[in-house]
Amino acid sequence: MEMTSQTEPLLSDGNEPSSDGDISKEKKKSKWTRTQILTVIILPLMNLVRASSFGVIVPFYPTEATKKGVSTVVIGFIFGTYELVEFLASPIFGSIACSL
C-alpha cells in the first residue's frame, strides 16, 4: 500500500504538475465541445431576434388593427395568444435544449 504525502491530493493520478508555476504554463483545454459553444452563442441571439421582432410590432399593431376594424379585445387576444404559446412551448424546447 502506497502512502501519499500531505501535499499530494488523494485522487491524484500522478500526471498533475508539481507546482503552481507549472499550471500556468500548461495549455488549458476547454471542457465544452464545439456544438455546446455554438449553442450557447446561437440561442441568445435567436432570443434577441425574437424579442426584437415582437418589440417592433407592439407599438404599431394596435393602431393599424383598429384602422382595419379589429376590436381592442381581439387585439388583446392576439398578444395574449403569443404569450400563451410561448409559455406552453418553453418546457418542450427546454427539454430538447437539455439533450443537446
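If you plug each phi of segment 59-67 into the Karplus form 6.51 cos²θ - 1.76 cosθ + 1.60 with θ = phi - 60°, what whole-Hz ³J(HN,Hα) values come out, in order, with x for Gly and Pro?
x, 9, 4, x, 5, 5, 5, 5, 4
State, to one decimal in nm, how far the label point of LYS29 lies from the label point of LEU48, with both points 7 Å from Cα in the Cβ direction.
Taking the two extended label points, one gets 3.1 nm.
Here, each number is a calculation from the coordinates, and none is a lab measurement. Since this is a predicted model, take the numbers as computed values, not measurements. Because the Cβ atoms are built from the backbone with ideal geometry, glycine has one as well, and the counts that use them run over all protein chains shown.
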